[in-house]
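The values are calculated or read from the model by the stated rules, or taken from the named source; none is laboratory data. The structure presented is a predicted model; accordingly, all values stated were derived computationally and were not measured. Cβ coordinates were reconstructed from backbone atoms using ideal geometry, including for glycine residues, and neighbour counts include every protein chain displayed. SASA here: full protein model, heavy atoms, side chains in, ligands and nucleic acids out. Shrake-Rupley method; radii C 1.70, N 1.55, O 1.52, S 1.80 Å.
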Amino acid sequence: MSFQNLGDLIRRDRDLSKIAVIDLGGEEVPTEYTYAELDAMTTGVARALLKRGFARGDRVAIVAANLAEYLAAYFGIMRAGLVAVPVNYRFPRKTIQFIIQDAGAKLVFCDSACREDCPADLPTIVFGGEGTDCFGRFVEPGEFESVVPEPHEPAMFLYTSGSTGVPKGVILSHQSHIWVVEQRLSPDLERHRYLIAAPLYHMNALALSLLACAAHATNVMLPKFEAKSYIEAIGQYRPTWLTAVPPMIAM
């Protein structure tokens, strides 16, 4: 199967009732999302962005720890033909705001912990919560046909760590990372669960999330790496068929 939009890797010829994401970021119990639910949430983001008047090529930032809504926002931005800008939420506030301004972002998705680090003069959508700016109220349910990117059209900007100066944006196209996904795909991957504790602002975690989606596998998502919760997740979500080889994990 050949993909076209990096935000649209869901295999709709497969069982959409399969669990796509197990989100371990909840305070009480994990939250599970089927592929049908993830697809609908992603489409809802794309529809909402265009309804608000954002145009193809506009940049939208994401400043948050790992959670299912992060993936939906990330995929939805790209499905709509916009450019996703994942931002390292561990940076100082000044650096976070520099990246958002440097990228020319016109909207920011964030979690409640990062809300105060986002520029006050930009519209902000908060994952969770119950206010007028919450993610649940933002999403626009309905059907949506993903944008077909032009050759070399940007899908996302990823910023460097800034170890030799200020962080620098790297422009990444839809085609370049679809190529990466397709080179790594194999029929065996569908049965795996991918434990992702690396932050989604980093290419390693994003690449694994993209691959898991394209493979119709399951993402088990920790908000961040902590040794105790990581080890517990390995034990709890180890596939029942697996006896000797550990599940594929992003450190």
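Structure data summary
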{"read-out": "Residue 53 open to solvent by 10 Å² or more (accessible area, probe 1.4 Å), part of a loop (DSSP other than H, G, I, E, B), within 24 Å of residue 137 (Cβ to Cβ) and of a type outside the set (A, V, I, L, M)", "value": "yes"}
{"read-out": "Residues (surrounded by 12 or more Cβ atoms within 10 Å (Cβ to Cβ), touching a residue at least 24 places away in the same chain (Cβ under 8 Å) and at negative phi) located in the range 126-151", "value": "127, 135, 138, 139, 140, 144, 146, 147, 149"}
{"read-out": "Pairs with Cβ under 7 Å, 6+ apart, first in the range 175-203 and farther than 23 Å from residue 34 by Cβ, second open to solvent by 20 Å² or more (accessible area, probe 1.4 Å) and of a type in the set (S, T, N, Q)", "value": "198/204; 201/88"}
{"read-out": "Residue 22 being in contact with a strand residue (DSSP E or B) (Cβ under 6 Å, 6 or more places away or on another chain), within 29 Å of residue 232 (Cα to Cα) and of a type in the set (A, V, I, L, M, F, W, C)", "value": "yes"}
{"read-out": "The range 185-237, subset polar (S, T, N, Q) and open to solvent by 20 Å² or more (accessible area, probe 1.4 Å), residue farthest from residue 65 (Cα to Cα)", "value": "186"}
{"read-out": "Residue list for the range 120-140, restricted to those being in a loop (DSSP other than H, G, I, E, B) and closer than 18 Å to residue 82 by Cβ", "value": "122, 123, 139, 140"}
{"read-out": "Looking only at the range 3-41, and only at residues there that are in a helix (DSSP H, G or I) and open to solvent by less than 50 Å² (accessible area, probe 1.4 Å), the one that is farthest from residue 142 (Cα to Cα)", "value": "35"}
{"read-out": "When residues of the range 141-174 are limited to those that are farther than 19 Å from residue 86 by Cβ and polar (S, T, N, Q), the one farthest from the chain's Cα centre (by Cα)", "value": "164"}
{"read-out": "Residues of the range 63-114 classified as touching a Cys at 6+ places or on another chain (Cβ under 8 Å), open to solvent by 10 Å² or more (accessible area, probe 1.4 Å) and in a helix (DSSP H, G or I), total", "value": "1"}
{"read-out": "Cβ pairs under 6 Å, 6+ apart, first in the range 153-167 and surrounded by 19 or more Cβ atoms within 10 Å (Cβ to Cβ), second in a loop (DSSP other than H, G, I, E, B)", "value": "155/6; 159/167; 167/160"}
{"read-out": "Residues being basic (Lys, Arg) and at pLDDT 85 or above - total across the range 199-245", "value": "2"}
{"read-out": "Subset tally (residues that are surrounded by 15 or more Cβ atoms within 10 Å (Cβ to Cβ) and within 19 Å of residue 44 (Cα to Cα)) for the range 115-125", "value": "2"}
